[in-house]
């Protein structure tokens with residue numbers, strides 16, 4: 001089985017307004033293909049844990065994520081962002 005190299009770079013802008021702690025941008029490079037994500041929202045849940053949400057759009061009155069990532073990739077992205085907040 002061949003694996004594709006993956007690189008993750010994250011930047012944070014601290015906000016601290018209305019429950020929004022920060023806005024993050026990330027670049028995930030898979031092989032030689034860069035994917036850039038902007039507008040990731042970082043919020044603190046009532047439990048104290050940080051939550052990272054991808055930007056959403058409204059479709060038929062339902063908020064849907066602009067981008068869906070595999071769970072393991074979203075977890076890795078969340079850990080990287082949480083480490084910077």
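Residue 20: at pLDDT below 90 and touching a strand residue (DSSP E or B) at 6+ places or on another chain (Cβ under 8 Å), yes or no?
no
Can you tell me which residue in the range 1-32 is nearest to the chain's Cα centre (by Cα), limited to those that are without any contact (Cβ under 8 Å) to a residue 24 or more places away in the chain and within 19 Å of residue 49 (Cβ to Cβ)?
23
Looking at the chain, what strands (runs of 3 or more DSSP E) fall wholly within it and have at least 1 residues that are loosely packed, with under 11 Cβ neighbours inside 10 Å?
Hits in the chain: 6-17, 33-44, 56-59, 62-65.
The values are calculated or read from the model by the stated rules, or taken from the named source; none is laboratory data. Given the structure is predicted, the values throughout are model-derived calculations rather than measurements. Please note: Cβ atoms are built from the backbone with ideal geometry, for glycine as well, and neighbour counts cover all protein chains shown.
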